[in-house]
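> The structure under discussion is supplied below as structure tokens; questions concerning it will follow.
Bear in mind these aren't lab numbers, they're just calculated from the coordinates by the rules spelled out. Since the model is a prediction, treat every value here as computed from it, not as a measurement. Don't worry about glycine lacking a Cβ; one is built from the backbone with ideal geometry, like all the others, and counts go over all protein chains shown.
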Amino acid sequence: MARNSSIDRLPSEIREKIGQLRRDGKTIDEILNKLKELDVDISRSALGRHCKQLEEVSKSIRQSRIVAEALAKNFGDEGENKVSQVNIELMHSLILKMMVNNDGETITMDSKDAFFMASSLQKLVQASKQNVENVIQLRREFAEKAAQIVDKAGKKKGISAENLDFIKREIFGIV
């Protein structure tokens with residue numbers, strides 16, 4: 001992968017300070033002045049590129065949230081599952097974008113970067129699997145509660161145990 005920028009090589013506290021100043025609405029020149037007070041010397045162009053990159057990432061995150069919220073509204077009860085699935089898909093897309101440069105050529109990675117990508121993909125698969133397991137568990141819990149309500153209501157109305165079992169089996173898949 002490409003060499004880290006001069007900003008990326010700074011201590012994390014300084015990078016966090018740059019991000020905080022930018023979120024506070026400070027200009028590039030104001031940030032540079034603050035960094036000079038902290039005895040940090042970086043070029044204006046490097047800071048400009050870094051701030052532009054921060055803006056692009058922030059914009060991407062905002063767009064992802066808007067999409068997720070819109071899906072949640074459109075899918076009603078299924079919203080949470082759909083939002084989780086969309087987030088997984090968005091992360092997968094982001095990882096793939098990181099693997100291709102602006103010219104459409106695949107980026108060569110060192111072993112550390114390859115391990116990070118493989119680990120990220122593995123976590124996406126685990127998240128997807130956990131999402132499916134959560135949906136199955138919620139449906140199971142719903143069916144069990146509904147079956148209890150059917151039992152209670154059926155007994156009040158004098159429905160036989162055989163008919164109640166039939167209803168639970170046919171509607172909820174529970175015996």
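> Give region 116-157 a look and list any residue that's among the charged types (D, E, K, R) and farther than 22 Å from Ile171 by Cβ, or say none.
Once the filter is applied, which keeps residues that are among the charged types (D, E, K, R) and farther than 22 Å from Ile171 by Cβ, region 116-157 yields Lys123, Lys129, Glu133.
> Moving to a separate point now. When the residues of region 164-175 are filtered to those that are of a type outside the set (D, E, K, R) and either surrounded by 12 or more Cβ atoms within 10 Å (Cβ to Cβ) or in contact with a Leu (Cβ under 8 Å, 6 or more places away or on another chain) (or both), which remaining residue is nearest to Glu89 (Cα to Cα)?
Phe172
> Only residues that are closer than 11 Å to Ile7 by Cα and not in a helix (DSSP H, G or I): list them for region 24-49, please.
Val40, Asp41, Ile42, Ser43
> I've got another one for you. Tally time: how many residues in region 116-159 are of a type outside the set (Val, Ile, Thr) and over 20 Å from the mean Cα position of the chain (by Cα)?
20
> I would also like to ask the following. Select from region 128-163 the residues that are touching a residue at least 24 places away in the same chain (Cβ under 8 Å) and farther than 30 Å from Leu94 by Cβ and write down the one among them that is surrounded by the most Cβ atoms within 10 Å (Cβ to Cβ).
Selected residue: Ala147.
> Right, another one. Give the residues of region 108-127 that are more than 15 Å from Leu94 (Cβ to Cβ), in contact (Cβ under 8 Å) with a residue 12 or more places away in the chain and among the polar types (S, T, N, Q), sorted by residue number.
Correct list: Thr108 only.
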